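Colleague: Structure provided below as structure tokens; questions to follow.
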Amino acid sequence: MAELGSRLIEMGIINSEQLGQALDRQRTHGGRLGVNLKAMGFIREEDLARVFSRIPLPPRNIKETGLEYAMIEGLIIKQLLSLGEFKVADVAARVKLPASMVEYVLEALRKEHLVDVKGASSYTSMSYEYRITDAGRESAMRLLELCRYVGPAPIPLEMYAEMIELQTVKGIVVGEEQVKKAFSHLVISDRKVQQLGPAITSGQAMFIYGPPGNGKSSIAEAISTVLTDPVYIPYAVSVGEQIINIYDPISHILVDEDVDETKDQRWLKVRRPVVMTGGELTMRMLDLDFNPISKFYEASLQMKANNGLLIIDDFGRQQADPRQILNRWIVPLDRRIDFMTLHTGMKFTIPFDMLMIFATNIDPKALVDDAFLRRIRYKIKIEHPSMEEFSGIFKAVCRSNDVEFSQSAFDYLIEQFYKKRGISYSASHPRDIVDHIVNYSRYYNRPPAMTEETVRYACENYFVAE
């Protein structure tokens, strides 16, 4: 709530004296700070709406972009190299800035003889057809030598950090029914759902651990379906004169592809990000990736996951030592900020705002020490399924593969393989066994059927012989 008061003061809606009076009233009467400010007549409902609005408004002038004029001009000149003849609207669509701002820059470039006007369909400058001059091409080539980023204008780091804080995962409201629906396609006990619900709501990191093949990865992926509210992410972020590319079409799924003229076009409306990595994770992926040829950066995994979900699957199987990976995140998990370093040596902080999930089949105590485990607030163990759960999973897999479930063949499977060989039930076994049955039937050109014959064939090929 102190953050609300600070934002109201920054926006000039209230002053520090009014905030102090409202805080005094809150201590006496209780309730939220916003309610107390309204009761005292210091703010209106629309003032609160302005504070909590997450829609980034389009900049009305160059100052409101947060960027230096030189950066905007440079981005526009570099865009012109590939355009040939163009109009204001063509450039505005590429740099994602208002047409009036692009028009202002193009007029300045025309006066410097970097572009000229070839013609027009009317007397308005918006209809002018421009082309880049030889001097303009030379200027663009020099700029490309400094940085080859040619894309939408970036968002300054400060604006990016402010938006991440407004869209924090800690602000997600998740209800019991919503969580149950997210896990409805899995056979999972009510007790586990009751454990997972509060963990998701908390926005805190969690360990999901237990023996292999029992749905840890599936549970982690199902959690992503709970994060349904959209957020805004920028195409790119600027730190001084350096540019960091943020948008990743794999991790950032667009919610609305229609152009919304009421928002700053440099931002994209997406589902809360879901970034998943496994054994391929390296320490380098946790830092900015500077390309010495293009001379701009690709964001780190955790930067792409901000306001969303970061899943570290098969944790402990990475090439890097797990303690080294976790030590990299001790401070971010504690303080919810991360430290980044540019190739110039400049260091800066970014928000570390995500629901972080470590999924592993290794005992967490064998991976990390108690100091780190303390920072992982939720530790949820996924055990082997019970006989009832195993049967339910098998039936569900049969339905999804159009294979009729046979109780007698299932009983044969349990007696002859699981009990006789002492094999533990695993949530992944039904999928793999039914796959074998389907492949067997396809080879002999028969409709897939669950029989003692097909079950025996599947298990003899699936389980390691004694």
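The values are calculated or read from the model by the stated rules, or taken from the named source; none is laboratory data. Note that the structure is a prediction, hence the values are computed from the model and not measured. Cβ coordinates were reconstructed from backbone atoms using ideal geometry, including for glycine residues, and neighbour counts include every protein chain displayed.
Colleague: Can you name the condition, by its number, that residue 216 falls short on among (1) at pLDDT 90 or above; (2) farther than 21 Å from residue 147 by Cβ; (3) crowded, with 22+ Cβ neighbours inside 10 Å?
Modeller: Answer for residue 216: the failing condition is (1).
Colleague: Then there's this: Any residue in segment 272-295 that is within 17 Å of residue 246 (Cβ to Cβ) and touching a residue at least 60 places away in the same chain (Cβ under 8 Å) sitting within a Cβ distance under 9 Å of a residue that is hydroxyl-bearing (Ser, Thr, Tyr) and part of a helix (DSSP H, G or I)? List the pairs, counting only those 6 or more apart or interchain.
Modeller: 272/224
Colleague: Residue 138 is checked against (1) under 28 Å from residue 291 (Cβ atoms); (2) in contact with a Leu (Cβ under 7 Å, 6 or more places away or on another chain); (3) not small (Gly, Ala, Ser) and fails just one. What number does that condition carry?
Modeller: Evaluating residue 138 over (1) under 28 Å from residue 291 (Cβ atoms); (2) in contact with a Leu (Cβ under 7 Å, 6 or more places away or on another chain); (3) not small (Gly, Ala, Ser) leaves (2) as the failure.
Colleague: Please count how many residues of segment 151-167 are in a loop (DSSP other than H, G, I, E, B) and crowded, with 19+ Cβ neighbours inside 10 Å. Even if it seems obvious, please write down each step before you answer.
Modeller: Taking segment 151-167 first, the residues in a loop (DSSP other than H, G, I, E, B) are 151-154, 167.
From the residues that got through so far, the ones that are crowded, with 19+ Cβ neighbours inside 10 Å too are 152-154, 167.
The qualifying residues number 4.
Colleague: Give the residue that is surrounded by the fewest Cβ atoms within 10 Å (Cβ to Cβ), with candidates limited to residues of segment 327-369 that are of a type in the set (Phe, Trp, Tyr) and closer than 15 Å to residue 301 by Cα. First the steps, then the outcome.
Modeller: Residues of segment 327-369 of a type in the set (Phe, Trp, Tyr): 329, 339, 348, 352, 358.
Within this subset, residues satisfying the condition of being closer than 15 Å to residue 301 by Cα are 329, 339, 352, 358.
Working: 329: 21, 339: 14, 352: 22, 358: 27.
This residue is 339.
Colleague: Next question, about the same structure. Considering 359, 320, which residue is outside any loop (DSSP other than H, G, I, E, B) and either in contact (Cβ under 8 Å) with a residue 12 or more places away in the chain or not acidic (Asp, Glu) (or both)? Give the derivation first.
Modeller: Working: 320 fails: outside any loop (DSSP other than H, G, I, E, B).
Just one listed residue meets the conditions, 359.
Colleague: Could you list, in sequence order, the residues of segment 241-255 that are over 16 Å from the mean Cα position of the chain (by Cα) and more than 14 Å from residue 303 (Cα to Cα)?
Modeller: 241, 242
Colleague: Tell me the residue from 221, 165 that is farther than 20 Å from residue 396 by Cβ and acidic (Asp, Glu), please. Please lay out each step first, then the result.
Modeller: Details: 221 fails: farther than 20 Å from residue 396 by Cβ.
So the residue among 221, 165 that is farther than 20 Å from residue 396 by Cβ and acidic (Asp, Glu) is 165.
For (1) farther than 12 Å from residue 76 by Cα; (2) not aromatic (Phe, Trp, Tyr), each residue gets a yes or a no:
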| position | (1), (2) |
| --- | --- |
| 108 | no, yes |
| 113 | yes, yes |
| 118 | yes, yes |
| 123 | yes, no |
| 127 | yes, yes |
| 143 | no, yes |
| 149 | no, no |
| 153 | no, yes |
| 158 | yes, yes |
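Colleague: Of 386, 408, 428, which residue is of a type outside the set (Asp, Glu) and surrounded by 14 or more Cβ atoms within 10 Å (Cβ to Cβ)? Full working, then the answer.
Modeller: Numbers: 386 fails: surrounded by 14 or more Cβ atoms within 10 Å (Cβ to Cβ); 408 fails: surrounded by 14 or more Cβ atoms within 10 Å (Cβ to Cβ).
Sole residue among the options that is of a type outside the set (Asp, Glu) and surrounded by 14 or more Cβ atoms within 10 Å (Cβ to Cβ): 428.
Rundown of residues vs (1) surrounded by 15 or more Cβ atoms within 10 Å (Cβ to Cβ); (2) in a loop (DSSP other than H, G, I, E, B); (3) touching a residue at least 40 places away in the same chain (Cβ under 8 Å), yes/no style:
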{"residue": "424", "(1), (2), (3)": "no, yes, yes"}
{"residue": "433", "(1), (2), (3)": "yes, no, no"}
{"residue": "438", "(1), (2), (3)": "yes, no, no"}
{"residue": "441", "(1), (2), (3)": "yes, no, no"}
{"residue": "445", "(1), (2), (3)": "no, yes, no"}
{"residue": "454", "(1), (2), (3)": "yes, no, yes"}
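Colleague: Starting from residues that are within 14 Å of residue 372 (Cα to Cα) and of a type in the set (Lys, Arg), keep the ones in segment 296-336 and report whichever is farthest from the chain's Cα centre (by Cα).
Modeller: Narrowing segment 296-336 to residues within 14 Å of residue 372 (Cα to Cα): 322-335.
With of a type in the set (Lys, Arg) added as a condition, the list becomes 323, 328, 335.
Values: 323: 24, 328: 19, 335: 19 Å.
Taking the candidates together, the pick is 323.
Colleague: Show the residue pairs meeting these rules: Cβ distance below 8 Å; 6+ apart or different chains; first residue within segment 162-180 and charged (D, E, K, R); second residue not in a loop (DSSP other than H, G, I, E, B).
Modeller: Matching pairs, first to second residue: 165/3; 165/351; 170/202; 176/197; 180/193.
Yes/no matrix, rows are residues, columns are (1) under 30 Å from residue 232 (Cβ atoms); (2) in contact (Cβ under 8 Å) with a residue 40 or more places away in the chain:
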| position | (1), (2) |
| --- | --- |
| 98 | yes, yes |
| 103 | yes, no |
| 111 | no, no |
| 123 | no, no |
| 129 | no, yes |
| 135 | no, no |
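Colleague: Being of a type outside the set (Asp, Glu) and without any contact (Cβ under 8 Å) to a residue 12 or more places away in the chain is the filter here; which residues of segment 374-395 pass it?
Modeller: Taking segment 374-395 first, the residues of a type outside the set (Asp, Glu) are 374-382, 384-387, 390-395.
The answer is 374, 395.
Colleague: Shifting gears a bit: Can you tell me how many residues in segment 219-263 are of a type in the set (Asp, Glu) and modelled with pLDDT of 85 or more?
Modeller: Applying the first criterion (of a type in the set (Asp, Glu)) to segment 219-263 yields 221, 229, 241, 248, 256-258, 260-261.
Narrowing the set further to residues that are modelled with pLDDT of 85 or more leaves 221, 241, 248.
Of the residues in segment 219-263, 3 are of a type in the set (Asp, Glu) and modelled with pLDDT of 85 or more.
Colleague: Need a quick list: helices (runs of 4 or more DSSP H) entirely within segment 77-147 having at least 3 residues that are among the hydrophobic types (A, V, I, L, M, F, W, C) and closer than 17 Å to residue 67 by Cβ.
Modeller: Values: elements: 88-95, 99-111, 134-146.
Result: 88-95, 99-111.
Colleague: Take segment 52-74 and flag every residue that is in a loop (DSSP other than H, G, I, E, B) and not acidic (Asp, Glu). Walk me through it before giving the result.
Modeller: Applying the first criterion (in a loop (DSSP other than H, G, I, E, B)) to segment 52-74 yields 53-61, 66-68.
Answer for segment 52-74, where residues must be in a loop (DSSP other than H, G, I, E, B) and not acidic (Asp, Glu): 53, 54, 55, 56, 57, 58, 59, 60, 61, 66, 67.
Colleague: Could you run through segment 398-417 and say how many residues are farther than 11 Å from residue 434 by Cα and either touching a Phe, Trp or Tyr at 6+ places or on another chain (Cβ under 6 Å) or not in a loop (DSSP other than H, G, I, E, B) (or both)?
Modeller: If we filter segment 398-417 for residues that are farther than 11 Å from residue 434 by Cα, which is where we start, we get 406-417.
Narrowing the set further to residues that are either touching a Phe, Trp or Tyr at 6+ places or on another chain (Cβ under 6 Å) or not in a loop (DSSP other than H, G, I, E, B) (or both) leaves 407-417.
Of the residues in that region, 11 qualify.
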